[in-house]
Amino acid sequence: MTVTVITRPAASVAPATAPNPVLAAATRGPRLRRLGRSRLIGWGVVVALVLVWEISSWIQYVPTISSPSKIASVWWAEVTEGTLLLQLAETLRTMAIGLGIAAPLGIAIGFLMGRVRVIWALLEPLVEILRLTPATAVIPVFILFFGIGDAMKIGVFLLAAIFPLLLTSYAGARSVSTTLRQTAQTYRLGWWQTQWEVALPAAVPFILVGARQALGMSLVMSVVIGMLAGNSGIGFYILMAQQALNIPALFAAVFTVAIVGYVFNAIFLALERRTTRWRRTDTSN
Amino acid sequence: MTLITSDRPHGSVEPAPDSAALSIQAAAKTYRALDGSPVEALRPVDLDVPADSFVALVGRSGCGKSTLLKLVAGLEPATSGQIRVGGEPVLGPPDRVRYVFQNYAESLLPWKTVGENVAFGLKHAYRAQPVRSRAERDALVEQYLAEVGLYGVADRYPSELSGGMQQRVAIARALAAQPEVLLLDEPFSAVDALSRATLQDLVLRIWQEHRLTVLFVTHDIDEALYLADRVVVLRAGGAGIERDVEVPLPRPRDQVATREHPDYLRQRRDILELVLGSDAIAASPDGKERA
């Protein structure tokens, strides 16, 4: 019998100690063992929790915690007839613009700070002060200056997303080892060639981690902005549902945000796996 | 002053001073320690390496052999003295030189496949070869990989290969750049003994087929004697050259016969005594060797 080696996805939570494969194969069937190590059982936990919630609502219905079936029906109605998707689209639009500006800017500034000493010296204090300022604290300031329109929202997304990208890009640019730098020198690469062919590829895995962090920050901000600005977006929708005591709609909106976050994260993980295939390969000695 | 007065072919029997591929004149390196005090990594060294010859630098750690190689490679500036490669003073990494690092895992571009790494050597070459299509490039890459005994690994990533195979890729990449001079810094020290023997023979074959000038740094006296035309022994503590030994052993060298040759054994004993002798100087006054 050949022992099947299961490759674990890079970002999933790995067990602290891998079970002894020989022992496990001897005691349990290989199929059961494979199931025991896959994330499928984790999805089973999610389904079980929803079922418990649903069954408990049959036994005693509490309006403030609603029930999965009721939330699902309201969600479907809100998606097909209500404004949930429109508000979500509105939020995602400003988020996409903010991230679209933050990504090239953050990556470029961080990378140059990592590669050019004078740029680092020029910007490091400013970055250190700004990166620790919570974007949520800046929203009232931005509202004061830009109003509650697109400019303010894009600005907040930009501020929230730029630092994770900038800092990881900087770390990636600094990650070039002495040997790698000297290799580029002995092959007589010019400055631009060194950045393009050596430093930037070395920084890519770092930048992808930063992109995922930026996305997470943006999702948080997407809700907060709508709540604080109070004119449109998914956060505004959640706030309205809460104030109208429309509990199923409130839950429907919250789950929508959760699903959006999950899908985005999954897309980025897939991207990470594709572009950093070389990193996950094992050394044979 | 670089008038060509000789029409002798490259690497003739009696080399004129100008035909030296590498010429090191009183090159020294002093670092500044953190407290600002000078640290002599290498005291003035004179060394001429004729074209097409194989010279090994040996000595204990801290003798400055790697420092000297970095100076020749133009990776670090010499504090004093002058180094010439192919007659031209070294001010930065010379184009006709390629360097094989001890730390192959960090020298190969890990995000590029093995084939792409060799193609990197083709692209950043001293003597560029015409590559008109991807197919032509791939054929050249396969040819260089075959030269180092690697087949069917062009699409693998370096991290998927063993240490010895990774160093072969690094050598193939250097060859693809068609250098005149190949510098190797303890290239096989992280490789197991059996692979090392194979890699030594590989380097000898490549040196002869490509008519390279090789400067090879190692702490392994057996390796130096087995490979080189000349073994240069450096004194401990960066104190310069202890001795410059000609190795008259016949070629082609053989892993078994050469290592049993009476001249080999005699020279091995001499050099070992030299290297260990420099230890006795550093030993404590009661005559005991330091651990």
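The values are calculated or read from the model by the stated rules, or taken from the named source; none is laboratory data. Just so we're clear, the structure is a prediction, and the values are computed from it rather than from any experiment. Here the Cβ positions follow ideal geometry from the backbone for every residue, glycine too, while neighbour counts run over all protein chains shown. Side chains are part of the model used for accessible areas, which takes the heavy atoms of the whole protein and leaves out ligands, DNA and RNA. Shrake-Rupley method; radii C 1.70, N 1.55, O 1.52, S 1.80 Å.
Structure summary
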item: Some residue of the stretch A:200-210 being more than 14 Å from chain B (Cβ to nearest Cβ), assigned to a helix (DSSP H, G or I), open to solvent by 10 Å² or more (accessible area, probe 1.4 Å) and within 19 Å of A:ILE259 (Cα to Cα); result: no
item: Selection within the stretch A:221-238 - open to solvent by less than 60 Å² (accessible area, probe 1.4 Å) and assigned to a helix (DSSP H, G or I); result: A:MET221, A:SER222, A:VAL223, A:VAL224, A:ILE225, A:GLY226, A:ALA229, A:ILE234, A:GLY235, A:PHE236, A:TYR237, A:ILE238
item: Test: residue in the stretch B:235-244 that is under 12 Å from the mean Cα position of the chain (by Cα) and either open to solvent by 40 Å² or more (accessible area, probe 1.4 Å) or not charged (D, E, K, R) (or both); result: no
item: Residue in the stretch A:158-174 that is in a loop (DSSP other than H, G, I, E, B) and away from chain B (no Cβ under 14 Å) present; result: no
item: Only one of B:GLU136, B:GLU76 that is within 14 Å of chain A (Cβ to nearest Cβ), open to solvent by 30 Å² or more (accessible area, probe 1.4 Å) and either part of a helix (DSSP H, G or I) or in contact (Cβ under 8 Å) with a residue 24 or more places away in the chain (or both); result: B:GLU76
item: Residue that is surrounded by the most Cβ atoms within 10 Å (Cβ to Cβ) [pool: residues in the stretch B:115-133 that are within 14 Å of chain A (Cβ to nearest Cβ) and among the basic types (Lys, Arg)]; result: B:LYS123
item: Considering residues of the stretch A:32-58 that are at pLDDT 90 or above and either open to solvent by 90 Å² or more (accessible area, probe 1.4 Å) or not in a helix (DSSP H, G or I) (or both) only, the residue farthest from A:PRO248 (Cα to Cα); result: A:TRP43
item: Filter pass, B:GLY92 being within 30 Å of B:ARG235 (Cβ to Cβ), within 11 Å of another protein chain (Cβ to nearest Cβ) and modelled with pLDDT under 95; result: yes
item: Residue within the stretch B:111-121 that is part of a helix (DSSP H, G or I) and β-branched (Val, Ile, Thr) present; result: yes
item: Neighbours by Cβ (under 9 Å, 6+ apart or cross-chain): first from the stretch B:259-271, of a type in the set (D, E, K, R); second part of a helix (DSSP H, G or I) and open to solvent by less than 60 Å² (accessible area, probe 1.4 Å); result: B:ARG259/B:ASP222; B:ARG259/B:LEU225; B:ARG259/B:TYR226; B:ARG268/B:ILE221; B:ARG268/B:ASP222; B:ARG268/B:LEU225
item: Cβ pairs under 9 Å, 6+ apart, first in the stretch B:80-99 and within 26 Å of B:LEU122 (Cβ to Cβ), second assigned to a strand (DSSP E or B) and open to solvent by 30 Å² or more (accessible area, probe 1.4 Å); result: B:VAL90/B:GLN82; B:VAL90/B:ARG84; B:PRO94/B:GLU88; B:ARG96/B:GLU88
item: Residue that is nearest to the other protein chains (Cβ to nearest Cβ) [pool: residues in the stretch B:79-89 that are of a type in the set (Gly, Ala, Ser) and either at positive phi or open to solvent by less than 40 Å² (accessible area, probe 1.4 Å) (or both)]; result: B:GLY86
item: Subset of the stretch B:58-70 [away from chain A (no Cβ under 13 Å) and either acidic (Asp, Glu) or outside any loop (DSSP other than H, G, I, E, B) (or both)]; result: B:VAL58, B:LYS65, B:THR67, B:LEU68
item: Residue that is farthest from B:PRO50 (Cα to Cα), among those in the stretch B:154-190 that are open to solvent by less than 10 Å² (accessible area, probe 1.4 Å), assigned to a loop (DSSP other than H, G, I, E, B) and within 12 Å of chain A (Cβ to nearest Cβ); result: B:LEU161
item: A:ALA214 being more than 14 Å from chain B (Cβ to nearest Cβ) and closer than 30 Å to B:SER66 by Cα; result: no
item: Pick from the stretch A:176-187, criterion out of contact with any Asp or Glu (no Cβ under 6 Å at 6 or more places or on another chain) and in a loop (DSSP other than H, G, I, E, B), ranking: nearest to the other protein chains (Cβ to nearest Cβ); result: A:TYR187
item: Any hit, the stretch A:75-94, residues being open to solvent by less than 50 Å² (accessible area, probe 1.4 Å), at pLDDT below 90, on the phi > 0 side of the Ramachandran plot and not hydrophobic (A, V, I, L, M, F, W, C); result: no
item: Residue match in the stretch B:141-152 (condition: buried (at least 18 other Cβ atoms within 10 Å of the Cβ) and either touching a strand residue (DSSP E or B) at 6+ places or on another chain (Cβ under 8 Å) or outside any helix (DSSP H, G or I) (or both)); result: yes
item: Residue list for the stretch B:95-106, restricted to those being at the interface with chain A (Cβ under 9 Å from one of its Cβ atoms) and either under 20 Å from B:ARG32 (Cα atoms) or assigned to a loop (DSSP other than H, G, I, E, B) (or both); result: B:ASP95, B:PHE101, B:GLN102, B:ASN103
item: Counted residues, the stretch A:132-177 - those being open to solvent by less than 30 Å² (accessible area, probe 1.4 Å), polar (S, T, N, Q) and touching a residue at least 24 places away in the same chain (Cβ under 8 Å); result: 2
item: Selection count, the stretch B:49-61, where residues are farther than 20 Å from A:GLN182 by Cβ and either without any contact (Cβ under 8 Å) to a residue 12 or more places away in the chain or surrounded by fewer than 18 Cβ atoms within 10 Å (Cβ to Cβ) (or both); result: 1
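Yes/no per residue for (1) in contact with a Gly (Cβ under 7 Å, 6 or more places away or on another chain); (2) more than 14 Å from every other protein chain (Cβ to nearest Cβ); (3) open to solvent by less than 40 Å² (accessible area, probe 1.4 Å):
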{"position": "A:LEU219", "(1), (2), (3)": "yes, yes, yes"}
{"position": "A:MET240", "(1), (2), (3)": "no, yes, no"}
{"position": "A:THR256", "(1), (2), (3)": "no, yes, yes"}
{"position": "A:ALA266", "(1), (2), (3)": "no, yes, no"}
